[in-house]
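Presented below is the structure to which this report refers.
All of the numbers you see were taken from the coordinates with simple rules; none came from a lab. None of these values were measured; they are calculated from a predicted model. Positions of Cβ are backbone-derived with ideal geometry, glycine not excepted, and every protein chain shown enters the neighbour counts.
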Amino acid sequence: MTRFRPCIDLHAGSVKQIVGGTLTTTDSDLKTNYVSKLPAGYYGKLYRDNDLTGAHVIMLGPGNDDAATEACQAWPNGLQVGGGINDTNAREWLERGAEKVCITIDSIHINLFRYFLYTTKYVVSKFKMMHRIIKYIN
């Protein structure tokens, strides 16, 4: 069975649907399909009221903490939060009401095998970071 898992994408504090591949460090490259006039908290409440479990908030770049917090407060322990979450702020997001956090490791997707071959110390340090977060959550 396929389940609908809604998402609140945040960019510069607004709920947006961004055209894939256009989010770069240059604002002029950004293309959007849709920018909502409604705040993130509206969608958090909407998802809560309709019991849309598995919903998540993704912070695409800086300037989204307030909007993500608003969404989490609209559905405490009901939304997963990602984008810029790491070992130094994961606890804070759980305290703000996130059900789960999606950890970012240096803003890259890691090809784990390749990194083990070339930068074992780096990967081990990241596993230690993840262990600290997991110990807190459990």
So, over other residues within a Cβ distance under 15 Å of Phe4, counting Lys, Arg +1 and Asp, Glu -1, the net charge is +1
Surrounding net charge for Val19, when Lys and Arg each add one and Asp and Glu each subtract one, Cβ distance under 13 Å: 0
